[in-house]
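Structure record follows, encoded as structure tokens.
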Amino acid sequence: MRDDKWLNQRLNHIWSLLFIDVSKANNVNARFKGKWRNKFGHIKLLRNKNSEIVVNSLFKDPVIPEYIIDITLAHELVHYSHGFNSPLKKLYKHPHKGGIVEKELKKRGFENMIKLEKDFIKNKWFKLHKLLTYDL
């Protein structure tokens, strides 16, 4: 079952395998929230100085491929590692300028997942979003 506990397990698994070089400078938790059409997730620094990764709650539905959740978590971990909404030193002025997130994801082995994600967005996501939010 996809719940916040499962999401945090995915986050920790990805971190331990592919972001082992990134130190955890604070507590980092993930949770499902929102039903956004144009956003898969975000990271923010909380008042208590912990970081929170939020993933679109529509991704709880098993119709959404697990790789979409994984690439979303990895994307937010890149922001964390670059010092955005984390206590780590900020490495860049802007979080996406020059394609730095995609370059970092490719460097960490996510190139195939990026292609799958782009295809998912182009061919499936907007129809699925409409289906998943029909009764709202």
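The values are calculated or read from the model by the stated rules, or taken from the named source; none is laboratory data. Note that this is a predicted model, so its numbers are computed, not measured. Don't worry about glycine lacking a Cβ; one is built from the backbone with ideal geometry, like all the others, and counts go over all protein chains shown.
Details
- Hits in the stretch 15-33 (condition: of a type outside the set (Phe, Trp, Tyr), touching a helix residue (DSSP H, G or I) at 6+ places or on another chain (Cβ under 9 Å), under 19 Å from PHE110 (Cβ atoms) and not in a helix (DSSP H, G or I)): ASP21, VAL22, VAL28, ALA30
Each row is one residue, and each column tells you yes or no for (1) assigned to a loop (DSSP other than H, G, I, E, B); (2) under 15 Å from the mean Cα position of the chain (by Cα); (3) at pLDDT below 95.
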residue	(1), (2), (3)
ASP70	no, yes, no
LEU77	no, yes, no
SER86	yes, yes, no
LYS90	yes, no, no
VAL101	no, yes, no
LEU105	no, yes, no
TRP125	no, no, no
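- Here ILE64 qualifies as of a type in the set (Val, Ile, Thr), assigned to a loop (DSSP other than H, G, I, E, B) and surrounded by 16 or more Cβ atoms within 10 Å (Cβ to Cβ).
- From the list LYS90, LYS49, the lone residue that is of a type in the set (Lys, Arg), in contact (Cβ under 8 Å) with a residue 24 or more places away in the chain, farther than 30 Å from LEU131 by Cα and loosely packed, with under 14 Cβ neighbours inside 10 Å is LYS49.
- With respect to the stated conditions, SER57 fails to be surrounded by 14 or more Cβ atoms within 10 Å (Cβ to Cβ), touching a helix residue (DSSP H, G or I) at 6+ places or on another chain (Cβ under 9 Å), modelled with pLDDT of 95 or more and small (Gly, Ala, Ser).
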